[in-house]
Ligand SMILES: [Mg+2]
């Protein structure tokens, strides 16, 4: 078995939501974001998120739950870890993002691919089709795309996705549960 771990970043590796809600408190106190994977809640949410993703704030996210502890353990067990994030392609924001990830996870990621803002990950995942790789996401449509590509897919649980079911996808509360199942 090839030990390849593919992972989304926001809501999985980094705690995007808390940081974004802090940003809203400071600059848009009238707004609140419940579900970062959909824009159904307000028409201007996508615009707000897209511009936030280009601010200096994007360089200073904290980690999600136990990712900081467990991802290095998975790497140490011989896995290749590759990230994919649809944050948008502003080059300076992308550089900040990579610095932010490297500061929390030195030498853990083999690479982090950055695709256009909110672009579905189907194309990116198709490169790994039937590769036996593990795929971790919090957005159900991207998780399903991974399952469609034959990947061993996990959904990182949040309030906004815990009620969604797909029998091909394993729902987990944290990275320890993933490590216990793959190591
Ligand atoms: Mg995500």
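Of note:
- Scanning the range 122-140 for residues that are within 16 Å of the ligand (Cβ to nearest atom) and within 18 Å of residue 178 (Cβ to Cβ) returns 125, 134, 135, 136, 137, 138, 139, 140.
- Residue match in the range 41-52 (condition: under 18 Å from residue 138 (Cα atoms) and within 14 Å of the chain's Cα centre (by Cα)): no
- Of all residues in the range 1-32, those satisfying the criterion of being under 17 Å from residue 179 (Cα atoms) and exposed (fewer than 12 other Cβ atoms within 10 Å of the Cβ) are 1, 2.
- Selected residue (criterion: nearest to residue 175 (Cα to Cα)) from residues of the range 142-164 that are part of a helix (DSSP H, G or I) and in contact with a helix residue (DSSP H, G or I) (Cβ under 6 Å, 6 or more places away or on another chain): 146
- Screening residue 125 on (1) assigned to a strand (DSSP E or B); (2) crowded, with 19+ Cβ neighbours inside 10 Å shows it passes everything except condition (1).
- Beta carbons closer than 7 Å, at least 6 apart along the sequence or on distinct chains, pair a first residue in the range 98-122 that is free of Cβ contacts under 8 Å to residues at least 40 places away in the same chain with a second that is assigned to a helix (DSSP H, G or I) and surrounded by fewer than 17 Cβ atoms within 10 Å (Cβ to Cβ) for 108/72; 120/141.
- Whenever a residue of the range 10-27 is over 11 Å from residue 57 (Cβ atoms), its partners that are modelled with pLDDT under 95 and within 13 Å of the ligand (Cβ to nearest atom), lying with C-beta atoms within less than 6 angstrom and at least six residues away or across chains, give the pairs 10/16; 17/36.
The values are calculated or read from the model by the stated rules, or taken from the named source; none is laboratory data. Bear in mind the structure is a predicted one, so any value in this text is a computation, not a measurement. In this analysis, Cβ positions are derived from the backbone assuming ideal geometry, glycine residues included, and neighbour counts consider all displayed protein chains.
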